[in-house]
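Read the structure below first, then the notes.
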Amino acid sequence: MPLKTTTLLIEDSGFMRIILSDLLKSDPAIELLGTASNGTKGLKKIQQLQPDVIITDMVMPESDGLAVVKKIMQSNPKPVILLSSLEKEDPKVFEALSAGAFDFLNKEEVTKLAKQQQFPLNEMVKVAAEVSLGKLARMQGKKNTYDHSFDEQLRYEAIAIGASTGGPMAVEQLLSGLPANLNIPVIIAQHMPEQFLRSFAKRLNQTIPLRVKLAERNEELVGGTVYVLPGHKNSHVVRDISTNQPVFNHTQKEYKEFNFPSIDGLFTSMAKVYGKKLIGIVLTGMGKDGTKGLQAIQQQQGFTIAQDEKSSVVFGMPKSAIDSKVINQVLTLKEIPGFVVSCLA
């Protein structure tokens, strides 16, 4: 019989401890070693029980989720899954990811999906248990504070990036390496709940040299701006009927691999608009979202890039694209910004 993935749950709400404990216990591949009602008690139990994966709420008395992550990564590195609430949106989630947390989930969404016989928490626990601990210590990207000497006419007119698990910090590191005078738009499809995407865009706008904002319906794409797709609907890029300029459009269409936002949806639509003038990049993440879209980009003779296995927290999405032979170049995360800039000249 295969070994089970052992877990510890840290959650201050007694009601949520019961619900989440039942979810974890329902999976024969997972063993819940224990629970704790706050971060201080949780850290003691981690030392005693040595679980494979830790699940912790973000907002708690006596050491919140951020404090738990920092202490774990300093003394006893283990994969940590964060639980947060859309009603208690906490920007510290991104600090915790930067400190080495594996990923985060919305508590309300976890319980909602469980009623539909979908178990994202259980699946994430099993994936987290397989991650190399060395990848959890996030490498901070060196900020590019210098302008680049671009030619008047660039070879590419837009950059599209798709990411999922491990993506927030990978996206931040990639964008930090791009020059402040980049004069084409960059569009990000990051798998994340709607309200957290707002916080993500705000954080990026404060930490990278380029302007960052949430993409809005009918908004024209402007060079030098990074657009984060919203999470309430899928978004396409289309040409405005009156101006013929690329604009964002929300769509009711849904996709097989992931929705809200769909990477395949973004990439496929941008391939139609930009053709061979588009660079498509797939970063770390679970699943296969992005592969179909990268195929569309490649068919239009655009350029496609995948993050390599060594630097990916989860190699699922890049591997799917590489195995499907829709990638022109495989690079480490550190290499991607410089390579992209060299492609533009």
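The values are calculated or read from the model by the stated rules, or taken from the named source; none is laboratory data. Since we're looking at a predicted model, the values are computed, not measured. Glycine also receives a Cβ, built like all others from the backbone with ideal geometry; neighbour counts cover every protein chain displayed. Surface areas here come from the heavy atoms of the whole protein model, side chains and all, with no ligands, DNA or RNA. Shrake-Rupley method; radii C 1.70, N 1.55, O 1.52, S 1.80 Å.
From the set of residues in the range 316-333 that are assigned to a loop (DSSP other than H, G, I, E, B) and within 20 Å of Glu257 (Cβ to Cβ), which is least open to solvent (accessible area, probe 1.4 Å)? Here the answer is Val326. Taken over the range 217-230, the criterion of being closer than 27 Å to Lys107 by Cα and not β-branched (Val, Ile, Thr) is satisfied by Tyr227, Leu229, Pro230.
Ser235 meets the conditions (1) within 20 Å of Gly290 (Cα to Cα); (2) surrounded by fewer than 19 Cβ atoms within 10 Å (Cβ to Cβ) in every case but one. The failed one is (2). Applying the condition of being surrounded by fewer than 16 Cβ atoms within 10 Å (Cβ to Cβ) and in contact (Cβ under 8 Å) with a residue 40 or more places away in the chain to the range 334-343 and asking which residue is farthest from Gln299 (Cα to Cα) yields Lys334. Figure legend. Inter-residue proximity from the range 262-273: first residues closer than 14 Å to Gln299 by Cβ and in contact (Cβ under 8 Å) with a residue 60 or more places away in the chain, second residues among the polar types (S, T, N, Q) and open to solvent by less than 10 Å² (accessible area, probe 1.4 Å), beta-carbon distance below 8 Å, spacing 6+ or different chains. No pairs are indicated. Consider the range 1-29 and keep the residues that are of a type in the set (Gly, Ala, Ser) and open to solvent by 20 Å² or more (accessible area, probe 1.4 Å). The one that is farthest from the chain's Cα centre (by Cα) is Gly14. Among residues of the range 238-272 being surrounded by 24 or more Cβ atoms within 10 Å (Cβ to Cβ) and touching an Asp or Glu at 6+ places or on another chain (Cβ under 7 Å), the one that is nearest to Pro185 (Cα to Cα) is Ile263. Filtered by the rule that a residue be assigned to a helix (DSSP H, G or I) and either open to solvent by 10 Å² or more (accessible area, probe 1.4 Å) or touching a strand residue (DSSP E or B) at 6+ places or on another chain (Cβ under 6 Å) (or both), the range 289-306 gives Thr291, Lys292, Leu294, Gln295, Ala296, Ile297, Gln298, Gln299.
Given the criteria within 22 Å of Ser342 (Cα to Cα) and not polar (S, T, N, Q), does Lys292 qualify? The answer is no for Lys292. Just give me the residues in the range 273-288 being open to solvent by less than 10 Å² (accessible area, probe 1.4 Å) and either in a loop (DSSP other than H, G, I, E, B) or within 21 Å of Glu130 (Cβ to Cβ) (or both), in sequence order. If the condition is that a residue be open to solvent by less than 10 Å² (accessible area, probe 1.4 Å) and either in a loop (DSSP other than H, G, I, E, B) or within 21 Å of Glu130 (Cβ to Cβ) (or both), then Val282, Leu283, Thr284, Gly285 are the ones that fit. If only one of Val222, Val247 is out of contact with any Phe, Trp or Tyr (no Cβ under 8 Å at 6 or more places or on another chain), more than 15 Å from Pro261 (Cα to Cα) and assigned to a strand (DSSP E or B), which one is it? Among Val222, Val247, only Val247 is out of contact with any Phe, Trp or Tyr (no Cβ under 8 Å at 6 or more places or on another chain), more than 15 Å from Pro261 (Cα to Cα) and assigned to a strand (DSSP E or B). Which ones in the range 119-143 are in a loop (DSSP other than H, G, I, E, B) and either in contact with a Pro (Cβ under 7 Å, 6 or more places away or on another chain) or at pLDDT below 85 (or both)? Those that are in a loop (DSSP other than H, G, I, E, B) and either in contact with a Pro (Cβ under 7 Å, 6 or more places away or on another chain) or at pLDDT below 85 (or both): Val131, Ala137, Arg138, Met139, Gln140, Gly141, Lys142, Lys143. Considering Leu97, Leu82, Leu32, the condition of being crowded, with 22+ Cβ neighbours inside 10 Å and under 20 Å from Ala114 (Cβ atoms) is satisfied by Leu82 alone.
Yes or no, residue by residue, for (1) of a type in the set (D, E, K, R); (2) at pLDDT 90 or above; (3) farther than 21 Å from Lys25 by Cα; (4) under 19 Å from the mean Cα position of the chain (by Cα):
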| position | (1), (2), (3), (4) |
| --- | --- |
| Leu49 | no, yes, no, no |
| Ile55 | no, yes, no, yes |
| Lys70 | yes, yes, yes, no |
| Leu83 | no, yes, no, yes |
| Ala101 | no, yes, yes, yes |
